[in-house]
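Accompanying notes for the structure given below.
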Amino acid sequence: MLTILFDGVAYGMLLFILAVGLAVTMGLMNFINLAHGAFAMVGGYVLTLLMQRQGWPFLACLPAAFVATAALGALAERTIYRPMYRRPHLDQVLFSIGLTFMAVAAVDYLVGSQQVNVQTPGWLRGRTELGSG
């Protein structure tokens, strides 16, 4: 029972973080970016490809994926996002959706369209019962 409660609270916290991130981006910054999933995809692929093709350990891939995604985000903000700040919201929506389609096509071209699985370390596999016994 505690495991179900814990999973529910963890999932609720994840949804809250996503909602707060979107509220900050769309509300406070007055910019509509629907391509945030593309940046998450880049981080996931960096982590997976470093683990599978380069043989890096999981804990070394996490900061590398973060740094690579942050660098790509900073480059994108300085080059392609900044001119969009002065544009109407509809232009921002169309731009960010187009950017998402381009990111998916680029990953499909570079990595392929097959599913790529992350091999998690042993200490992240399985489940732990809390309060049982």
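Key figures for this structure:
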read-out: Per-region count, the stretch 40-77, residues charged (D, E, K, R) and closer than 24 Å to LEU99 by Cα; value: 1
read-out: Leading residue by the ranking (modelled with the lowest pLDDT) among those in the stretch 97-133 that are among the aliphatic types (A, V, I, L, M) and under 30 Å from MET1 (Cα atoms); value: LEU130
read-out: ILE80 open to solvent by less than 80 Å² (accessible area, probe 1.4 Å) and modelled with pLDDT under 90; value: no
read-out: Within the stretch 43-77, considering residues that are among the hydroxyl-bearing types (Ser, Thr, Tyr) and open to solvent by less than 40 Å² (accessible area, probe 1.4 Å), the one farthest from MET26 (Cα to Cα); value: THR48
read-out: Scan of the stretch 1-54 for residues that are among the polar types (S, T, N, Q) and modelled with pLDDT of 80 or more, ordered by number; value: THR3, ASN30, ASN33, THR48, GLN52, GLN54
read-out: Complete set of residues in the stretch 84-96 that are surrounded by fewer than 12 Cβ atoms within 10 Å (Cβ to Cβ) and of a type in the set (A, V, I, L, M, F, W, C); value: LEU90
read-out: Hits in the stretch 103-127 (condition: open to solvent by 90 Å² or more (accessible area, probe 1.4 Å) and either small (Gly, Ala, Ser) or without any contact (Cβ under 8 Å) to a residue 24 or more places away in the chain (or both)); value: TYR109, LEU110, SER113, GLN114, GLN115, TRP123, ARG125
read-out: Selection status of PHE66, modelled with pLDDT of 95 or more and not β-branched (Val, Ile, Thr); value: yes
read-out: Residues within the stretch 104-133 that are assigned to a loop (DSSP other than H, G, I, E, B) and within 23 Å of the chain's Cα centre (by Cα), tallied; value: 12
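The values are calculated or read from the model by the stated rules, or taken from the named source; none is laboratory data. Just so you know, these numbers come straight off a predicted model, no measurement behind them. Every residue, glycine as well, gets a Cβ built from its backbone with ideal geometry; the counts of neighbours run over all protein chains shown. These area figures cover heavy atoms from the full protein model, side chains too; ligands, DNA and RNA do not enter into them. Shrake-Rupley method; radii C 1.70, N 1.55, O 1.52, S 1.80 Å.
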